[in-house]
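Here, each number is a calculation from the coordinates, and none is a lab measurement. None of the values given here were measured: they were computed from a predicted structure. Don't worry about glycine lacking a Cβ; one is built from the backbone with ideal geometry, like all the others, and counts go over all protein chains shown.
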Amino acid sequence: MKNTGTTPMANVSRRNFLKSSGGVALFIGAGGLLPNLISCNDSKSLQANLKKHDLTAWVRLSEDGELIIYNPAAEMGQGSMTSLPLVFAEEMDADWNKVKVEFSPQETDIYGSPGFQPGTKLMFTVGSRTTNSYYSVMRRAGAQARYVLMYSAAQHWQVPLEKLSTGPHEVIHEASGQRIAFGELAPYLTMPESLPDFETDGLKDPKDFRLIGTEIPRTEIPAKVDGSALFAIDLRLPDMVYGVLERGKLHGAKPTLINEADILALEGVLKVVPYDYAIGVVATTLEAALSAKKALNITWSDAPPKGFNSQEIYTTYEQLASASKQGKTVNAIGDIQAAQRQAAKTYTADFKNDYVYHAQMEPLNAVIQVAKDGQHADIWVGSQQGFDTKLGIPDLLGIPPEAVTVHLQYLGGGFGRRSMSDFVLECGVLAQAMAPKPVKLVWTREDDVTYGTFRPLTLQRLQASVDAQGKLTGFSHCVVGDGGHLVASGARNDHYNIPNQWVEWQEASHGVRLKHWRAVGHGPNKFAIEAMLDDVAVGQGTDPIELRRQLMADSPRALATLEKVAEISDWSTPSPEGRAKGVAFVEHGSLGTGVCEISVDRTTGQINVHRWWIALDAGVVVQPDNVKAQMEGGILMGMSSVLKEQITLVDGAVQQSNYHDYQLLRMQDVPDSIETVILPSVEHPEGVGETATPMVAGAIANAFLKLTGKHLRHLPFTPERVLEVLNS
Amino acid sequence: MAQYTLNINNQDHEVDVAEGTSLLWVLREHLGLTGTKYGCGIAQCGSCTIHLDGAPVRACVLQVDHVANGQKMKTIEGLSESGNHPLQQAWIETQAPQCGYCQSGQLMQAAALLEQNPSPSRGEIKSYMNGILCRCGTYMRIIEAIELASETTTQNA
């Protein structure tokens, strides 16, 4: 939201919203998609229906023609604030210049998209699922809004609806030449008895799209260049107080506070609030709260990570990979053992990756106000939402979900970290203690790193089996690590035709806090798979693109990305002296193949990445330039993690604390160019936020192999590790 | 607690805060100039970059006591009258921001660069901007935007 001091819609109950609305609201859909349209003009029927149904309110029309379209997804830089309303506007036939966008209320029954289970609904901005899961929802809701306008015009003109059409922001009766702008229809809005659901037909033919696929600037960018875009950490409310927590060096360690009286005597300190794993302090100012945090004298209990040393665990993981006891099956195709027995040549390698941290630029924070009687709460937060869009606060306070209002704010980065609500619950505890004063909880960067939730460390053992004819017949992949899907995602090969495949997960557990991190297991797994394929290519004397070309023969969309990237990167022309190119393919919803060109400073071990080329098939692309931005950002975040980032734990404690010792990619490290070609498609849109990041490690390692003949198999590829490999 | 007078965006502001308070908290929490962001608190990320007498500085490591002696400060809110500084326009033209959180710092650092060096080379841009982190990976477009603003302003000069 822009910091204009206006009240966000979520602040008002739906009924009050309707009363206070100057224009006309089109309420569309019971249960999200089915029609149940009510006009503001008919308040009795409206209120009756509001009581009866879960109503969906997607759009507000003013008499001057302005539309407000509600975005149900979090905006964390991926562009949902534009892409979803744009899809709606396309089907509504709206004039995009007359559209304003606001966040929808956080009410899943109304604004959810199909969840992970059939028949469920979800508001959860994760897994690159936003455009993919909302595309049909927004199209149908937009088409229903258009239908209402046409129905109203038909009534107004007394002509059959079938004789009407729409142009941008107007309804047209061709036969009489009459036209009426959407805004002018507001006084005449009439609600039909029922609405088409537009499930199978009645939507635009994609070739008639006016908005989807064109270069539409993102709606929220102007507010992000003048400082007015509001993040939760920017909230300032009357009587607001500030909370901070001191957490242990070991995840889950229990505190005993030694000097509570001293802390309470400090200037500005209002309250000390104990948690199982932390001590909270509330003060009148942020600086007073932070001073008190520093003054806390706490003794800590032991906790499960005690004794865990992250860089030593690989030895244990190697043993687990060799264990006779089979792990959990992730994927099984054909007969891997037969392929391994019959192999003429076998390639085996272990790949490793250290823990990495989200490092979203806005440290975790929330603002919560609990009513004096404890029966209502308001939350201002940057959240990727969740299965519970009220983020656990109703349970914490023992009040019903409808008594909690979530005011979603822009996210200063998500990357998976804001898909859990630990920080929201922490703030809820403080807000309950301080009710009715609003409390702003701020994690320092040190809190954010040392009590972080990390992408798991893994070891992966891959074995490729090649038969006497030189054909890749078997591919086995054992993932060792903590976190289930967090380590196993992306280990399947659905676009490589390898007849015998086996993926297993060997579980380990260390009490370290783990979380989805952009692309999740795809980062480490695609690295291992793509690097293994180049081992095979080199061993068999086959070009890496040619090997993949053969493997993708039955997957034409994947193959097209390979062919396109080979073309734009001029793959067949050798790189200049001292440079080499490497390739990697990734499926993460969308399909992408990337090529990079690198050089290596053999005295420092520094890898320089000069250029990137990507070819992508994402189905229908709503905002092409934004997809390119996601490719660029995904590549740079990938380069950051692959070349620099590393969390280590010694005796269970995180060794890094801030950006001085957790290095991110900086501007001096960027390549000269990142070129993306989007392949045309009319297929359903697929997510793009996590397709580029997992390309990076494999492509760089493969370029390094071509350049030096050596293998990089342990992420990150720090200069020290590169030197070690070069000197091996 | 002590009284300080701060000159920010050509306006004097009186604040009553504890001695030694970080300028960043004064700007954000006491004065409501929240365009300047908190990212690390140790001058490593640059999200809190403002101008102090024309030079880019990290507000998080400046104490209020040291900037209350008539120094002139400029924050993102004062970069232009209506969000139309050539850099802001170029940022929109190139669709540079993603999450947007670091962008105030990026813009203030870039503005200081162009004031010193209206036509920086790509190498000079990378070097001058190196202290400002972006996690979303918008660096490519930031470089493009600075080059665009540089072209626009030098052509108009």
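Structure values in brief
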read-out: Region A:639-718-region A:398-435 distance, computed between alpha-carbon centres (Å); value: 31 Å
read-out: Residue-count net charge about A:GLN342 - beta-carbon cut-off 12 Å; Lys, Arg +1, Asp, Glu -1; value: +1
read-out: Relative contact order [Cα under 8 Å, 6+ residues apart], region A:619-728, whole percent; value: 40 percent
read-out: Gap separating the Cα centres of region A:238-288 and region B:40-87, nearest whole Å; value: 30 Å
read-out: Proxy reagent accessibility, fewest Cβ within 10 Å first, across A:HIS251, B:HIS13; value: B:HIS13, A:HIS251
read-out: Positive minus negative residues near A:VAL682 (Lys, Arg vs Asp, Glu; Cβ under 15 Å); value: -2
read-out: Using θ = phi - 60° and Karplus 6.51 cos²θ - 1.76 cosθ + 1.60, couplings along region A:672-677 (whole Hz; Gly, Pro as x); value: 5, 7, 10, 9, 10, 10
read-out: Relative contact order [Cα under 8 Å, 6+ residues apart], chain A, whole percent; value: 13 percent
read-out: Farthest positive-ward along chain A dipole, Cα basis, beta-carbon charges - from A:PHE423, A:ASN132, A:PRO305; value: A:PRO305
read-out: Square roots of five times the Cα gyration tensor eigenvalues for region B:86-156, Å; value: 18, 13, 10
read-out: Per-peptide average of other Cβ atoms within 10 Å, ordering A:143-155, A:622-634 highest first; value: A:622-634, A:143-155
read-out: In order through region A:302-308: 3J(HN,Hα) via Karplus (6.51 cos²θ - 1.76 cosθ + 1.60), integer Hz, x for Gly, Pro; value: 6, 8, x, x, 3, x, 7
read-out: Three-way shape call for chain A based on the alpha-carbon gyration tensor, with the a/c threshold at 1.5; value: oblate
read-out: Fewest-first ranking of A:TYR357, B:TYR139, using other Cβ atoms within 10 Å as the exposure measure; value: A:TYR357, B:TYR139
read-out: Average beta-carbon neighbours from other chains, 10 Å sphere, peptide B:26-37; value: 5
read-out: At R0 = 56 Å, FRET efficiency that the Cβ-Cβ distance of A:ALA349 and B:GLN71 yields, to 0.05; value: 0.45
read-out: Length-normalised contact order of region B:2-78 in % [C-alpha pairs under 8 Å, at least 6 apart]; value: 39 percent
read-out: Positive dipole terminus of region A:665-708, leading residue within A:PRO694, A:PRO671, A:PHE704 (C-beta point charges); value: A:PHE704
read-out: For A:HIS588, residues with placed amide H under 5 Å, excluding near neighbours; value: none
read-out: Rounded FRET efficiency, nearest 0.05, which uses the C-beta distance separating A:ASP302 from A:ASP543 and R0 of 45 Å; value: 0.25
read-out: Long-range amide H partners of A:GLY334 with built H, under 5 Å; value: A:GLN501
read-out: Cβ-placed point charges (K, R +1; D, E -1), dipole of region A:570-686 about Cα centre in debye, nearest 20; value: 260 debye
read-out: Stokes-Einstein D (µm²/s) once Rh is taken as the Kirkwood radius of region B:14-157 over alpha-carbon pairs, at 20 °C in 1.002 mPa s; value: 139 µm²/s
read-out: Local electrostatic count at A:SER728 - Lys and Arg +1, Asp and Glu -1, tallied over other residues with Cβ under 12 Å; value: +2
read-out: Extension gain, A:GLN668 back to A:ARG513 (0.36 nm per residue minus Cα-Cα distance, nm); value: 52.6 nm
read-out: For region B:56-69, 3J(HN,Hα) per residue [Karplus equation, 6.51 cos²θ - 1.76 cosθ + 1.60, θ = phi - 60°, Hz, x = Gly/Pro]; value: x, 9, 9, 4, 5, 9, 9, 8, 4, 4, 8, 10, 10, 10
read-out: Between region A:93-156 and region A:568-608, the Cα center-to-center distance that results, in Å; value: 40 Å
read-out: Peptide A:241-251, shielding by other chains (average Cβ, 10 Å cutoff); value: 0
read-out: Efficiency of FRET between A:ASP373 and A:SER194 - r from beta-carbon atoms, R0 56 angstrom, step 0.05; value: 0.85
read-out: Electrostatic dipole magnitude of region A:201-281 [Cβ: Lys, Arg +1; Asp, Glu -1; Cα centre; debye, to 20]; value: 220 debye
read-out: Listed residue pairs exceeding 31 Å between alpha carbons, taken from A:LYS440/B:LYS74; A:LYS372/A:LYS515; A:LYS328/A:LYS352; A:LYS121/A:LYS254; A:LYS306/B:LYS37; value: A:LYS372/A:LYS515; A:LYS121/A:LYS254; A:LYS306/B:LYS37
read-out: Shielding by partners - mean other protein chain Cβ count within 10 Å, residues of A:659-669; value: 6
read-out: Under 5 Å, built H, 5+ apart or other chain: amide partners of A:TYR355; value: A:LEU457, A:ILE647
